[in-house]
Amino acid sequence: MSKIGIIGAMELEVETLKSQLTETKITKKAGMEFHEGILNGCPAVVVRCGIGKVNAALCVQILIDLFEVTHVVNTGVAGSLNAELNIGDILISRDALHHDMDVTIFGYQPGEVPQMGRLEFPADARMMELAKASCEKVCSDIHCSFGRVVSGDQFISDGTIKDRLINVYHGDCAEMEGASIAHGAYVNGIPFVIIRAISDKADGSAEMDYPLFEKAAAEHSARLVADMATYI
Ligand code: ADE
């Protein structure tokens, strides 16, 4: 039987998903609240992990060890690194990598975690397709595409840094948790996908765009993930 672990970044989004759970039980661990229940017929655990890669890594390992989830979905917002991706669009991860890992001095690629034998963490192909199908079904007016998520413990709001994330890491969007969740799921052999709504252009305009967009983004991704749960 599948059990889906849903890691949200925004309170709004987690609130919506939590309110859709039936038969709920709450467990507190590492400063996070894990809400267990049934989402559209699928056993699920919904949690807000907090900001950044360490919180995200802790959260995914707890979901796997304590709650024995079989699938992991991470949702939230991200800054666009791709001129084709506009505010409000949805990006589904093809893969994810850490843009703040640098051991190039010893011959590793930028972003590569030493001794893992790979640079990027690939998302699960079936979950990617499910996410796309759910998006087309429940958010039909929203542009949705596949791409690379690059993560680091920084909010990107500077054009020079943005250009580096595009040219060196070939990222389509930047955020602060996805690669850690991907990394954690990958080393545990658990399929994952990251779904991010574009909230800003990862440049100087981020401050203005972000608050305006947050609520709509949270609603869209909650709708999408709830629909996905039916088919997991
Ligand atoms: N989340 C949303 N926008 C972001 C940005 N520009 N950088 C990092 N994380 C983000």
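The values are calculated or read from the model by the stated rules, or taken from the named source; none is laboratory data. Quick caveat, the model's predicted, so the values are computed rather than measured. Methodologically, a virtual Cβ is constructed for each residue, glycine included, from the backbone with ideal geometry; neighbour enumeration extends over all protein chains shown. The area values use the complete protein model at the heavy-atom level, side chains included, leaving out ligands, DNA and RNA. Shrake-Rupley method; radii C 1.70, N 1.55, O 1.52, S 1.80 Å.
Tabulated results
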| quantity | calculated |
| --- | --- |
| Residue identified as within 14 Å of the chain's Cα centre (by Cα) and hydroxyl-bearing (Ser, Thr, Tyr) among SER134, SER151 | SER151 |
| From the options ASP200, ASP158, ASP124, residue that is within 10 Å of the ligand (Cβ to nearest atom) and surrounded by fewer than 22 Cβ atoms within 10 Å (Cβ to Cβ) | ASP158 |
| Residue among ALA197, ALA174 that alone is closer than 15 Å to LEU224 by Cα, touching a strand residue (DSSP E or B) at 6+ places or on another chain (Cβ under 8 Å) and not in a helix (DSSP H, G or I) | ALA197 |
| Any hit, segment 137-159, residues being of a type in the set (Lys, Arg), under 20 Å from GLU13 (Cα atoms) and in contact with a helix residue (DSSP H, G or I) (Cβ under 9 Å, 6 or more places away or on another chain) | yes |
| Tally of residues being hydrophobic (A, V, I, L, M, F, W, C) and closer than 18 Å to THR70 by Cα across segment 22-44 | 5 |
| Where ARG148 falls short, out of the listed (1) open to solvent by less than 50 Å² (accessible area, probe 1.4 Å); (2) at pLDDT below 95; (3) in contact with an Asp or Glu (Cβ under 9 Å, 6 or more places away or on another chain) | (2) |
| Odd one out for ARG48 among (1) within 16 Å of the ligand (Cβ to nearest atom); (2) closer than 24 Å to VAL168 by Cβ; (3) open to solvent by 70 Å² or more (accessible area, probe 1.4 Å) | (2) |
| Unique match (being open to solvent by 40 Å² or more (accessible area, probe 1.4 Å), closer than 20 Å to GLU175 by Cβ and aliphatic (A, V, I, L, M)) among ILE87, ILE105, ILE92 | ILE87 |
| Selection count, segment 203-220, where residues are closer than 20 Å to ILE156 by Cβ, in a helix (DSSP H, G or I) and either open to solvent by less than 10 Å² (accessible area, probe 1.4 Å) or acidic (Asp, Glu) (or both) | 5 |
